[in-house]
Amino acid sequence: MDVGEQLQIFQNFFEKFYYENLISAFQRGENYIVVDFQDLAVFNPELAQKVLDSPEECFKTASLSIERLDLHEDKKEKEFFVRFKNIPLSQKVSIRNIRSKHIGKLIQVDGVIRQKGDVRPKAISAKFECPSCGNIMNIIQIDEKFREPSQCGCGRKGGFKLLDKLLIDIQKIVLEEPTENLDGGEQAKRFKILLQHDLVSPIGEKKTNPGSQVRLVGVVSEIPISLSSGGKSVEFDLILDGNHVEPLQEDFGAVIITPEEEEKIIQLSQKPTLIKDLVTNLAPSIYGYEKIKEALLLQQFGGIRKPRSDGIKTRGDIHILLVGDPGAAKSQLLKRMSVIAPKSRFVSGKGASGAGLTAAVIKDDFLKGWALEAGALVLANNGCVCIDELDKMTPEDRSAMHEALEQQTVTISKANIQATLRCQTTVLAAANPKYGRFDPYEILGKQIDLPPALMSRFDLMFPVRDVPDREKDTQIAKFILNLHQDSTRTERTVEIDTNLLKKYIAYAKKNVFPKLTNEALEEIEKYYVKIRNSGGDSGGIKSVPITARQLEALIRLTEACAKVRLSQIANREDAKRAINLLHYSLGQIMLDPETGRLDIDRITTGITASQRSHIAIVKEALINLENITMKKILPVADVIKECESKGMELSKIEETIEKLSRSGDIYKPKKDFISRL
C-alpha cells in the first residue's frame, strides 16, 4: 500500500466516521483527535495493520489527510495529531516483556506513574543564514546536542546566524508496572515515556500525576547511550514515544457494576439484619471481634468530605488504630481489609519510610534533575492504606503521617520541588504495646511508642487483648482447628462473597451522600454535652472526657451508618449506633481506673486528670509549709501530714512525690527531706 493510497483511505475514513468530531475539535482550538482503532480495523483491516507495523509513517499520513479535508480557514494552522485508543490485545505488552522486536511498533502498556519531570521546550528544527551569500539552511535537530550547519554551499565554515527555531513541548515520565501482576520476589520494572505536543497541555498533564494508573499507547524507540569517552555505546536504551494517554482510575469510581449486581445490592440493603450480615461476612475466617469488625465495616463506607466556603475541608475518612497483644489476628484483619477495599495498599513497620508513605524527591538522569515520586498514602488516594507494626516505624517516618491523616494532603518542599499532593486516604493501623503485652491498668499513652498528636488523629482506637478464658479459648480452638481441617469452612456460611461486598461498598460511596436529620444532630449533641461535662471535679481539676475531634468522628460514623443502608438520610438510629461504637472505644482505652470516668488525657498527655490533681495538691502543700516554717527544706513526714489533711491517700502521696522527684520539680537534699527547685 503506497502513501497516496493510504492518504485516500484515511481521508474517506475521517469523512465517514469523524467529520463532526474534527469540526468540533477545530472550533475548540484543539490540534488533535482521538480515534477508536476498532473503527479503522472495520473500515480497512489492511491499513489498520499498517498502523500497528509502521506507526510513524501512518501518523504523518493521517495528519496530512486531515489537512487535505481543508476544515480550518487558517492555512498556517499547526500540525494536527491523530491519537489511537483501544488497540488490539495482541499489542498489549507488559513493561518487563518489551524487547528489541517491539522497536518501531505501536504497543499498549498499563502502569502506575512513579516519577514526572517538568514540561520543557525542545527544538526540532532550526534555520540558519550564511552571512557571506545569504543562503538559508534548515537543520533538523535529531540528537540531544543542538546541531549547527558545518559548511555552506559558498564554502564558508562556521559563524552562521540563527534565524528561527521550531519548538515543541515535551515531558518525560517514568511508568512502573502494576504490583498486582508480580510473582514472588519480583521487582516492579520501570519504563521511560516521552510525551509531546497536546499530551503535555494543562488538561493532559492532569492525567499523568504521580500515583495515577494509566494506559499508554505509543511507539517504542531506541536511544543511543553516550559513553564517557565521547563515543556511542553498542547498547541502546528504550523509550516509549506516547501517542495516547488514558487514565485508569482504580478507586471505587471505576468499579463496574452490572444491572443484575445493582439489583442484588439494593435487595441486600433492604434486609432487616443488613449490618449483622455484613459484619459476619467482613472477615469470616477470624473469630469474634464483633465491635471491631463493625467499626472496620463503617470505615470502608466512610463519611462525607465537606469543602467549606472559607477554603477549609473537613475530612470524611475514618481512621482506626488497633493496639494489642501479639497473635491476636490484627495483621489478618488488616490483610482482609486490604482485599475488600476497592483501592488499597498494605505497608508494614520497618519496611515503610516517611518518603515511602508520603512522597520522595529523587535525582533522575532520565528526567534531568529532581523528580517527585509518590508514596503509599498518595498512591491510595480515594482508597485505604493498611499500616501494620506502626510502633516499629522510626519517629521521623511516623511524623510524615500527621498532615496526611488530618489535612489529607502531602506537602513536599525539597530540592527545587514545592508541591502539595492529595491523599484522601483512609488509614487502618495496628501496633503492639511497648512491652509486648497489653496492661489494662496502665495508661495507653505509656504503653505505645506513638506520639499523642498522632494518636489523637485516629477516630477509633481498640485494644485487642489476649486474656485466658476457658470457655472462649475452647471456642477459638475448635474454630481454628475446624478451619484447618476444611479450608472452605468459615465462622458461618458466607452469604455475601468478597466481590459483591467490594461492589456494595463502591456503589454506596459513589451514589449515597446522606444528610444528617435534626433528630440525629440532637442525639449527637446530647451525648457530647453529657459526656463532656461528666468528668466531675477531682480535687479542683476537671477531667476532659472527649474533645471536638470525637464529635467530628461521631458525625462521620453516623454518615457511614446511613451509607451502609444506602439511605440518603442519616436518622436517630444511625446516630445511636455511632454513639454506641464510639462509647465502646472510649470506654476501652480512656477509662481512668482511679475515678471510673472517661478521661481523654490518658491518650493525649499520658497523665490523667486525677494524677494532675494529686500533683497540684502536693505542690500546694509544699508552698504552704514553706510559708509557715520559712524554710526551703521540709521533712517528708510534714508534707504527708499536710496532704492527708486534704483527703489524699498515703500511697498516692508517696507515688506523687516520687513522680515529681523524677521529673525534676523537687529534689532530696538529704534523707527524709525534700525541697522545691
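The figures follow:
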item: Considering residues of the stretch 86-117 that are closer than 20 Å to Ser212 by Cβ and of a type in the set (Gly, Ala, Ser) only, the residue farthest from the chain's Cα centre (by Cα); result: Ser94
item: Helices (runs of 4 or more DSSP H) fully within the stretch 568-631 counting 3 or more residues that are under 21 Å from Lys652 (Cα atoms), of a type outside the set (Lys, Arg) and modelled with pLDDT of 60 or more; result: 609-629
item: Output for the stretch 28-42, where each listed residue is free of Cβ contacts under 8 Å to residues at least 12 places away in the same chain and not basic (Lys, Arg); result: Gly29, Val42
item: Check on Arg308, surrounded by 17 or more Cβ atoms within 10 Å (Cβ to Cβ) and touching a strand residue (DSSP E or B) at 6+ places or on another chain (Cβ under 9 Å); result: no
item: Residue tally, condition outside any loop (DSSP other than H, G, I, E, B), polar (S, T, N, Q) and modelled with pLDDT under 80, over the stretch 138-165; result: 0
item: Residue in the stretch 656-664 that is among the acidic types (Asp, Glu), modelled with pLDDT under 85 and surrounded by 13 or more Cβ atoms within 10 Å (Cβ to Cβ) present; result: no
item: Which listed residue is crowded, with 16+ Cβ neighbours inside 10 Å, assigned to a helix (DSSP H, G or I) and either touching a Leu at 6+ places or on another chain (Cβ under 8 Å) or not hydrophobic (A, V, I, L, M, F, W, C) (or both), from Gln27, Gln38, Gln49, Gln11; result: Gln11
item: Near pairs, Cβ below 7 angstrom, 6+ apart or cross-chain, from the stretch 654-675 (free of Cβ contacts under 8 Å to residues at least 60 places away in the same chain) to any residue that is of a type in the set (S, T, N, Q) and surrounded by 15 or more Cβ atoms within 10 Å (Cβ to Cβ); result: Ile666/Ser675; Tyr667/Ser675; Pro669/Ser675
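The values are calculated or read from the model by the stated rules, or taken from the named source; none is laboratory data. Predicted model only: the values in this text are computed from it and were never measured. When we count neighbours, we look across all protein chains shown, and the Cβ atoms used for this are built from the backbone with ideal geometry, even at glycine.
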